[in-house]
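Below you'll find the structure, written out as structure tokens, and then a few comments.
The values are calculated or read from the model by the stated rules, or taken from the named source; none is laboratory data. If you're wondering where the values come from, they're calculated on a predicted model, not measured in any experiment. With ideal geometry, Cβ positions are generated from the backbone for all residues, glycine too; neighbour counts draw on all protein chains shown. Accessible surface areas use protein heavy atoms only, side chains included; no ligands, DNA or RNA. Shrake-Rupley method; radii C 1.70, N 1.55, O 1.52, S 1.80 Å.
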Amino acid sequence: MLRYKNSLRKKLHDKLKVKHSLSLEDLEIGYPPQAKFGDLALTFPFELAKKMKAEPRKVAQEIVQLISPLEGVEKIEVAVPGYINLFLDKRSFFSQQLLTLDTPSLSPQEEHIIVEHTNINPNKAAHIGHLRNACLGDTLVRCLKYKDEKVEVQNYVDDTGVQVGDVVFGFMDMEKKKLSDIAKIKEKFDYYCWDLYRRVAAYFEKNPEAQERRSEILKKIEEREKPEVELAHHISRRILKSHLQTMDRIGVSYDLLPCESDILGLKFWEKAFSLLKAQKAVYLASSGPNQDCWVMETEDEGQKEKVIVRSDGTVTYVGKDIAYQLWKFGLLGRDFYYEPFIKKDDKTIWITASAPQKDSPQFGRGSQVYNVIDIRQAYLQKIVVQGLKSLKYFKQAAKSIHFSYEMVALSQKSLEELNLEISEEDKERSFLEVSGRKGLGIKADDLLDRLEEKALAEVEKRNPEFTESQKTSIARQISCGALRYFMLKYARNSIIVFDFDEALNFEGETGPYLQYTLVRLNSIFRKLEERESFGEKDLQDLISSGEIPLEMLSGEELTRFWDLVLYASQFEEEVLHSIHSLEFSHLAKFAFNLCQKFNAYYHLYSILGAENSQFKQIRILTIYHIKEVLGKAFSLLGIPLPERM
RNA sequence: GCGCCUGUAGCUCAGUACGGAUAGAGCAAGGGAUUCCUAAUCCCUAGGUCGCAGGUUCGAAUCCUGCCAGGCGCACCA
């Protein structure tokens, strides 16, 4: 449809330019609210009427005279207030759609896009909040790649921060463990640390005097002193591997894992600091509450300033982030070294290193950067962008996009289900924020396990004859589909109050519903092959022959057919819209709606048992079109497609 | 206090970017459909002062102003 609209817009522009000065963009083409009004609607007569101080209806009528006849358009009508409704030539439109199924009309606009997402502190297991981040980020990546953009996916690892330091404290000071003892821990390590981290946080609450030791550990990690730095390294790498395994379960992967330890080791901050000082973007506060700190003035809030370097000379998180953002755009003048971290199939996930390595690829130097980070960090992201601006990198500042989203919270009901202890104060709240420190949260692997378990039981019920490995593999695909759809169905601005019943539901607007629809669709084609030896080649022959016996259809079936075709053809528009608004719930809803439309069609019209071969032909072509579009949509949403379920 | 966000059906949410034709889904509730391509499905019923009050407009859930309610942010934490 995108392609069609673009060419229609050009045609309209050509026909109208003699009489009206309208730009191509002014000629907006929308959809009427009801199918009976038409297939496409032009609303620009209203704008024009305003300019000409005329009645919209009259303007619309005049325009219809100018643009008629239009190639590919069967009928043009003026609707009462002043819309121009177009009725397309169904046969030529459908045939065009079928022939261009494999050739996307989207084209890239950037040289190199960097998407940073996931970014879990490597000191505990991943939880549902992290899953939302990863699903959003990964879907963006898939959509950008579909648009043919060059995309590099980074997952930042804060391996020298407070959170890792706290777990080091837990092992060393509370559990009195050495590296060799930790290495011997057999149980799921990220779960072990989840629990330990919660105990450490509670310990610091009760023993404020331990703060001193806490700072000491952090300092030793930064200055690469043993044994603290060895422990931090062991813990962070081991947990990072767990995270990658968890993310692999939902089909999420990365190109590069940039580590904070290397940002420190390679003195990224020192370089960024000298750049900022040279541009006078930061200054040493000589008085006031921030005395002896290097601060940056914030844009809108008047005199307010943000501390970048503390009075003890250490750099804040934002400072390091500014350096990292500069590096992403290739503006820092320093670079990482890289080594392989994990190889799976033919894909390598690289990690940064602080010494030169052999045969490593190039990363960074993006022309556009997306940071997928929850909305609570909006202020800090703004400061990072301001850092770029103060260095006069206005273009890069404009291309720094904070992909923000709301948190996943826990309902009181889900807390009860998990038997988590909460304070009296927290009991009053309608929902609770996930908190690693308090150990409040649902671990990603636990949730995925529960989804898999339920899916397995459902598969068992329906397909007892499948082999065990078939069943588990299908269950995995279903759990992934269920989770990804769940994370994408909500607008990013909306808080997800997590509820087990909702998340584990496989009926209605859920991932498994979508998967089931496509499984059914595929199974029709499988049966066509089995029973009638009608295969892919016959299908392609049918399409290229251009024989579309549309004349067979009338009444209800014609309406349904056309509704399906028209809706499915909007796929690329939905992808673009989702990228522009960073709202992938649009794409999720689109796939769901298309499934609903198909399911209704499926119930009314038999394909295998069609009345005659012409009905069969047209129905096969119709559902093939849907199958292809759904297949593409699923792959962008990261929803796997089981053979059967 | 300042800034950002949210308020739509019993519940969970779309729809707001760029105002447009009768405000849509799912869940829950009630009723119905399976000798036939997978019932993880489909159909029907019921359910709405779009937080409140003004304003702009031919036209407002959508834009503007004020108010009410809730959330988040405004660290020498990350």
note = One checks the Cα atoms of the range A:516-563 and finds Rg and Dmax, in Å, of 13.2, 32
ask   = How about the range A:382-430: which trypsin sites (Lys or Arg not before Pro) there lie in a loop by DSSP and see at most 16 other Cβ atoms within 10 Å?
value = A:K392, A:R429
ask   = Peptides A:65-78, A:525-538: what's the order by average Cβ count within 10 Å, highest mean first?
value = A:65-78, A:525-538
ask   = How large is the dipole of the range A:113-405 about the Cα centre if only Lys and Arg carry +1 and Asp and Glu carry -1, each at its Cβ, rounded to the nearest 20 debye?
value = 460
remark   = If amide H atoms are modeled at 1.01 Å from N in the peptide plane, then the residues at a separation of 5 or more from A:F341, or on another chain, having amide H under 5 Å from its own are A:I349, A:W350, A:I351
query = How much net charge surrounds A:H112 when only other residues with a Cβ under 12 Å from its Cβ are counted (Lys, Arg +1; Asp, Glu -1)?
reply = -1
task = Starting from the eigenvalues of the Cα gyration tensor, five times each then square-rooted, give me the equivalent ellipsoid semi-axes of the range A:572-645, largest first, whole Å.
result = 28, 13, 10
ask   = When the accessible area of the range A:2-88 is computed with all protein chains present and a 1.4 Å probe, what percentage of it is carbon and sulfur?
value = 54
query = Going highest first, how would you order A:13-23, A:183-193 by mean Cβ packing within 10 Å?
reply = A:183-193, A:13-23
Kyte-Doolittle mean at least -1.0, axial Cα span of 30 Å or more - DSSP H helices of chain A = A:228-249, A:468-489, A:511-532, A:613-637
request  = Using only C-alpha positions, report the orientation-averaged shadow area of the convex hull of the range A:441-645, nm², one decimal.
outcome  = 13.1
inquiry  = Checking the cross-link filter: which lysines have an alpha carbon closer than 24 Å to that of A:K395, excluding same-chain neighbours under 8 positions apart?
reply    = A:K145, A:K147, A:K150, A:K271, A:K277, A:K280, A:K306, A:K320, A:K328, A:K382
request  = Express in Å², to the nearest 10, the accessible area of A:C259 obtained by rolling a 1.4 Å probe over the protein heavy atoms while all chains stay in place.
outcome  = 0
query = Among all the lysines, which ones have a C-alpha under 17 Å from A:K17's C-alpha, if same-chain residues fewer than 8 places away are not counted?
reply = A:K51
The range A:218-312 - percent relative contact order, Cα under 8 Å, separation 6 or more = 13
Positive-end extreme of charge dipole, the range A:113-405 - chosen from A:G251, A:C193, A:N371 (charges on Cβ) = A:G251
query = What accessible area per residue comes out for chain A, rounded to a whole number of Å², with a 1.4 Å probe?
reply = 46
ask   = What percent do you get for the relative contact order of chain A when only Cα pairs under 8 Å and 6+ apart count?
value = 14
query = Given q = 0.06, 0.08 Å⁻¹, what are the Debye log10 I(q)/I(0) values for chain A, with equal point scatterers placed on the Cα positions and solvent ignored?
reply = -0.43, -0.73
query = Of the peptides A:626-635, A:454-463, A:593-602, how do they stack up when ordered by the mean number of other Cβ atoms within 10 Å, highest first?
reply = A:626-635, A:593-602, A:454-463
Anchor A:K461: lysines whose Cα lies under 16 Å away (excluding residues fewer than 8 positions away in-chain) = A:K471
ask   = What do you get for Rg/Rh of the range A:191-299 when both radii come from the Cα atoms and Rh is the Kirkwood radius?
value = 1.07
key: Nearest-20 debye value, the range A:2-88 charge dipole, Cβ charges on Lys, Arg, Asp, Glu   = 160
remark   = Sorting A:S21, A:S533, A:Y83 by the position of each Cα along the dipole of chain A (Lys, Arg +1; Asp, Glu -1; all at Cβ), the one nearest the positive end of that ordering is A:S21
note = Largest-first semi-axes in Å of the equivalent ellipsoid built from the Cα gyration tensor of the range A:2-88 are 18, 16, 11
query = What number comes out for the charge environment of A:G366, summing +1 per Lys or Arg and -1 per Asp or Glu over other residues with Cβ under 14 Å away?
reply = -2
message = Let's see if you can work this out: charge +1 on each Lys and Arg Cβ, -1 on each Asp and Glu Cβ, no other charges. What is the dipole magnitude of chain A about its Cα centre, in debye to the nearest 20?
response = 1160
message = When only alpha-carbon atoms are used, what values of Rg and Dmax, in angstrom, describe the range A:113-405?
response = 19.3, 58
